[in-house]
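Chemist: Sharing a structure, written as structure tokens. Questions coming.
Throughout, read-outs are computed from the coordinates displayed, never taken from laboratory work. What you see is a predicted model, and the numbers here were worked out from it, not measured in a lab. Virtual Cβ from ideal backbone geometry, glycine too; neighbours counted across all protein chains shown.
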Amino acid sequence: MEARAHLEKKLYSRRNRDTQGQQRTRYVSGIKAIQTKLKIGEKEYGRILFETTGKTPTTEMDTDELHRAFDRFRHLQGLAEAENPQ
């Protein structure tokens with residue numbers, strides 16, 4: 001039973017029992033959606049990712065780095081919405 005619990009812990013992330021692959025996909029999709037919404041160009045996008053994680057492509061990031069990048073983009077989205085309330 002300990003082995004099964006260990007494997008389940010490794011397979012599933014904390015949130016909603018998504019696999020780590022599903023969690024990665026959710027973070028990358030969220031980052032790209034915010035990039036599109038805020039009309040952030042590729043150079044600026046890469047700069048933000050590098051400043052946040054030290055890596056540019058999301059494919060090289062682990063789940064924690066993707067989470068930090070996602071939080072950074074959500075922060076930028078919040079700033080943009082505060083400046084331009086609808």
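Chemist: Name the aspartates and glutamates eligible as straight-distance cross-link partners of K32: C-alpha to C-alpha under 19 Å, and not fewer than 8 places from it in the same chain.
Modeler: Answer for K32, where 19 Å is the Cα cut-off: E42, E44, E51, E60, D62, D64, E65, D71, E81, listed by chain and number.
Chemist: Another question, if that's okay. What is the order of H75, H67, fewest Cβ neighbours within 10 Å to most?
Modeler: Fewest-to-most Cβ neighbours within 10 Å comes out as H75, H67.
Chemist: Obtain the nm distance between the two label points defined at K43 and T63 by a simple spin-label model: each point lies 7 Å from its Cα along the Cα-to-C-beta direction.
Modeler: Going by the 7 Å Cα→Cβ label model, 3.6 nm.
Chemist: At what distance in nm do the modelled label points of T25 and E81 sit from each other, each positioned 7 Å from its Cα along Cα→Cβ?
Modeler: If labels sit at T25 and E81, their model points lie 2.5 nm apart.
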